[in-house]
Amino acid sequence: YGGLGLVEPRARLASLLSELLPGDLNGFLFPSSGAEANEAAIRIARQFTGRSKILTRYRSYHGGTATALSATGDFRRNFIDDAPGFIRLMDPNPMQFSWGSDMAEASERARGALREQVLGEGPDTIAAILVEAIPGSAGVLLPPDGYLQEIRSICDEFGIVMVVDEVMAGFGRTGKMFG
C-alpha cells in the first residue's frame, strides 16, 4: 500500500517529480492502484470544494473499488449500488448516434451538451468532472478536438476540480512524458 507516511524514498520521489512536472506541482500521493488514486481524487475534490456531485462519462472505467465503480460508466457499475452523487455525462464518442456530420460539428455539439449538463446540474453542486482522456476499456476513444480543453474551461469558470484518469496516455505511455 502506498500509504501517506513520510519516508525517505517517498520524499525523494516527490522531490524528483516536483522538478520534472510542469507548473508548481509539489504535493503527491502514492496510491497502489488506479482505483485508490481515483477514490483519493474524489475525496479531495469533495473536501476542497464542499460540493458532492462527481460527473463522469458513460463509457468509462475508473476501478474496482466501491467508489471507483460508482464513478464507472460501463457495465461493471451494475455489480454494485451506486454511491450517491455520481452523475453520468453523454460521451463525446456516442455509440448509437452522431453529434455531427464532421469532426468540427461533432466536437462543437459535444462541448455544448457538456456545458448544458453542467448548467442543468448546477455548477455550484459539482465537486469534480472525472474523465479518462482516452477511455481504454471503452475502445481507446480519442476525444474530439477541443473537448478536454472545454472541460478545463468549464472547471476553471465554475471552480470545479478536473480529474483526469490517465491510464492509456499518462506519464510516458505514449513515448513522451507529457502529451
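The values are calculated or read from the model by the stated rules, or taken from the named source; none is laboratory data. Since the structure is predicted, the reported quantities are computational estimates derived from the model, not experimental observations. Because the Cβ atoms are built from the backbone with ideal geometry, glycine has one as well, and the counts that use them run over all protein chains shown. Surface areas here come from the heavy atoms of the whole protein model, side chains and all, with no ligands, DNA or RNA. Shrake-Rupley method; radii C 1.70, N 1.55, O 1.52, S 1.80 Å.
So the values come out like this:
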{"quantity": "Residue that is nearest to Ser52 (Cα to Cα) [pool: residues in the range 81-117 that are among the polar types (S, T, N, Q) and more than 18 Å from the chain's Cα centre (by Cα)]", "calculated": "Ser107"}
{"quantity": "Counted residues, the range 21-37 - those being part of a loop (DSSP other than H, G, I, E, B) and either in contact with a Leu (Cβ under 8 Å, 6 or more places away or on another chain) or of a type in the set (Asp, Glu) (or both)", "calculated": "5"}
{"quantity": "Residue under evaluation Ile42, criteria (1) open to solvent by 70 Å² or more (accessible area, probe 1.4 Å); (2) touching a residue at least 60 places away in the same chain (Cβ under 8 Å); (3) within 13 Å of the chain's Cα centre (by Cα), criterion not met", "calculated": "(1)"}
